[in-house]
Structures are given as structure tokens and as C-alpha cells.
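Dropping the structure in here first, questions after.
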Amino acid sequence: MIDQLILDNKPSNYLVTSTDLNNRYSMITKKICSQMDIKEDEIVNNPDIRYTSLPLIDKTGKAVSSISNEDLLLNSYGLVDNVDSYKIGSEITINQIRDIIAFTQISAHKDKKLVIINDASKMNKEASSALLKTLEEVSSNCSFILICDSPKGVHETIRSRCLHVSIDLNLNDKFNSFEEFFFSRHPFLKDNDKICDIDVLLNETNDQINGLLDKSYDPIDVSMSWNKSGIKLILEIVTAYIIYVLKNYISIDLTTLESKNSIKKLSNIYEKIPAIKKNISMNINSKYLLNNLSIELAS
């Protein structure tokens, strides 16, 4: 849990994972503010804190800054590709990690330096290798906080050098419907004017997943429908659906072989979702990815 994240006078590295895109960053920033005695709106501009995420790219192809957590949310749902006149990059690059390295080599203004890498699963291969070297060699009192959906989102050698902090769901929370559960994890989308009829999309996707599982829906037809809605948003809905079902599996009738196989199938697909998101960042054809997902649900 988040209480494991301790920012004292010792250098330490953390991998904080949660599929709750909306709340994980705010939980971390509140923890940082409490332990470093700073205000929340001062984090990004604090001289002892370096925030890094997907880059904003200018017309010459140069990264000028990192996108905010709010824009990262919008991009993760496939709702924005640009901020002002800048394009949002698809990966965290080695040049961004080099900037981090330079930051760690400067003495802290106060007692401690902190690096936050938001959505660390977006690091490309070169960036991951450079970060690993930095984690091994940094000598200053600097702590790293890597944030992503799943431990599998970062290379195993990086994982081994970080304390894994999982922000788990409260299993005691009760929800009357999948829609209610989804918005508890994605409140950012509920009243967002960048997406229309999210309630309708949730219900349709819920029906389509169930239809694929019981083989009453054609997977290619479903895949075509999902492609029109946008692969990033559909993946978040599918992820939330799987968590919702697995969270409530005790109340599901598992007396039949079909029910048991569905739970096993959903668990296996959930494990593959980080890799699917990685493939999206590599610009692999979304129709191909959605075809595979829908076929696997129906298999």
C-alpha cells in the first residue's frame, strides 16, 4: 500500500502500480507533499523534484516538456493526441532519461531530490537501459518513483531495483453495477465533454464481452465496433470489466465448466493487457490487436 512509500534521508526506488489511472497519481503526490512539506501545486516546479512523462514534441521533433497527469489521462483514453501546438510523443525517450541523470548529479536545494516517472511503461528500450544504469550508479540522496499499471510494464532488471508498492482495490467496496464500478475508477470520464455517451458505450461493451464469452457475438463484428470507439478507451473498459468480474467471482455461479473457464480466460487476458498497451505505443495496427482480443474472448 501507499504507506510503504517513505521519502526519508536515504535514497530509495519505488515501483508504484495500479490500474486506477485517476487516483494513483493523486495518492502519490499527496504522500510526497506530506513527507516533503510542500504544496501539491508546487511539485512539478520544485527544484528538488523532476517530473517526467510522455514528451510534448515541437515541429522540429524536439521534446520540449512532459505532459501533465491530466493530459496523460486524456491520451491514455485516446481522447487527445496534441496539447496546444505540440504533439504528444508515444514513448519516453533516452534524452528524457539523460535529463534525469543530469538532475541527479546536482546537489539538492534542501535535503532530498526526487524523480517521478509517470507511466513508466512507456519508456523505450534505450530509455529503460539508461534508467537501469542510473538506478545502479546514482550516489546522491535521490529517490525514484516509477508509476505504471503493472509490474510487467517495466523491465525485470528495473523491477528488481525497486520496492514494489501496489495500490490495491478496497475489496470491501460494494458496487451495484459494472457502470458504477467503472466510474469509481475512472471519474475523470464521467462528465468529460471530450467523449459522448460514455454510459451507452459501457453498456454496449459489457454486453459485447458477455456475448463473446458465451459465443453469441461474432468476434470480428465486435472488433470492428470497438475499433470505431478507439482502442485505448475500449482497453480501459475491458480491463475494468475483468477486474469487476474477478473481484466479485465468489458471488458468480462457478458450478459449470463454462463459468470456470470464463474466469480463467479473463485472468489470462488481464495478464496480457500491459503487452497490448505496449504494442499500441509501438503503433501496431489497432484493428489487428482488437481482432486478437475479441477472438481470444470468444475462443
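The values are calculated or read from the model by the stated rules, or taken from the named source; none is laboratory data. Being a predicted model, the structure only gives us computed values, none of them experimental. Note: ideal-geometry Cβ built from the backbone for every residue, glycine included; neighbour counts use all protein chains shown.
Does the stretch 77-96 hold any residues that are in a loop (DSSP other than H, G, I, E, B) and charged (D, E, K, R), and which are they?
If the condition is that a residue be in a loop (DSSP other than H, G, I, E, B) and charged (D, E, K, R), then Asp81, Asp84, Glu91 are the ones that fit.
Looking only at the stretch 47-74, filter to residues that are among the polar types (S, T, N, Q) and touching a residue at least 40 places away in the same chain (Cβ under 8 Å); which one of those is nearest to Ile6 (Cα to Cα)?
Thr52
Yes or no: the stretch 111-133 includes at least one residue that is touching a Pro at 6+ places or on another chain (Cβ under 7 Å) and within 21 Å of Tyr77 (Cα to Cα).
Scanning the stretch 111-133 turns up at least one residue that is touching a Pro at 6+ places or on another chain (Cβ under 7 Å) and within 21 Å of Tyr77 (Cα to Cα).
Scan Leu79, Leu54 and give me the residue that is modelled with pLDDT under 90 and touching a Lys or Arg at 6+ places or on another chain (Cβ under 7 Å).
That would be Leu79, the only listed residue that is modelled with pLDDT under 90 and touching a Lys or Arg at 6+ places or on another chain (Cβ under 7 Å).
Can you name the residue in the stretch 113-128 that is part of a strand (DSSP E or B) and closer than 11 Å to Thr52 by Cβ and is also nearest to the chain's Cα centre (by Cα) among such residues?
Asn118
Related question: Any residue at all in the stretch 113-125 that is loosely packed, with under 14 Cβ neighbours inside 10 Å and free of Cβ contacts under 8 Å to residues at least 12 places away in the same chain?
yes
Here is a list: Leu131, Leu74. Which entry is surrounded by 18 or more Cβ atoms within 10 Å (Cβ to Cβ) and either in a loop (DSSP other than H, G, I, E, B) or touching a Lys or Arg at 6+ places or on another chain (Cβ under 9 Å) (or both)?
Only one candidate qualifies: Leu74.
Pairs please, first residue from the stretch 97-112 and assigned by TED's automatic domain parsing to the domain that holds Lys125 and part of a loop (DSSP other than H, G, I, E, B), second anywhere and charged (D, E, K, R) and surrounded by 14 or more Cβ atoms within 10 Å (Cβ to Cβ), Cβ atoms under 7 Å, 6+ apart in sequence or on different chains.
If the second residue must be charged (D, E, K, R) and surrounded by 14 or more Cβ atoms within 10 Å (Cβ to Cβ), the pairs left are Ala108/Asp48; His109/Asp48; Lys110/Asp48; Lys112/Asp48.
Where in the stretch 185-243 are the helices (runs of 4 or more DSSP H), entirely inside, with at least 3 residues that are modelled with pLDDT of 90 or more and surrounded by 18 or more Cβ atoms within 10 Å (Cβ to Cβ)?
198-213, 219-229
Can you spot a residue in the stretch 28-45 that is polar (S, T, N, Q) and in contact (Cβ under 8 Å) with a residue 40 or more places away in the chain?
Filtering the stretch 28-45 down to residues polar (S, T, N, Q) leaves 29, 34-35, 45.
Filter again for in contact (Cβ under 8 Å) with a residue 40 or more places away in the chain, leaving none.
No; the residues of the stretch 28-45 include none that is polar (S, T, N, Q) and in contact (Cβ under 8 Å) with a residue 40 or more places away in the chain.
A further question on this structure: Could you check the stretch 134-162 and list, in sequence order, the residues that are in a helix (DSSP H, G or I), at pLDDT 90 or above and within 20 Å of Phe103 (Cβ to Cβ)?
Within the stretch 134-162, Ile158 is the sole residue that qualifies.
Taking Tyr86 as meeting all but one of (1) farther than 26 Å from Leu233 by Cα; (2) in contact (Cβ under 8 Å) with a residue 12 or more places away in the chain, write down the number of the exception.
Among (1) farther than 26 Å from Leu233 by Cα; (2) in contact (Cβ under 8 Å) with a residue 12 or more places away in the chain, the lone unmet condition for Tyr86 is (1).
Got a number for residues in the stretch 23-71 being over 16 Å from the mean Cα position of the chain (by Cα), among the small types (Gly, Ala, Ser) and in a loop (DSSP other than H, G, I, E, B)?
Count: 1.
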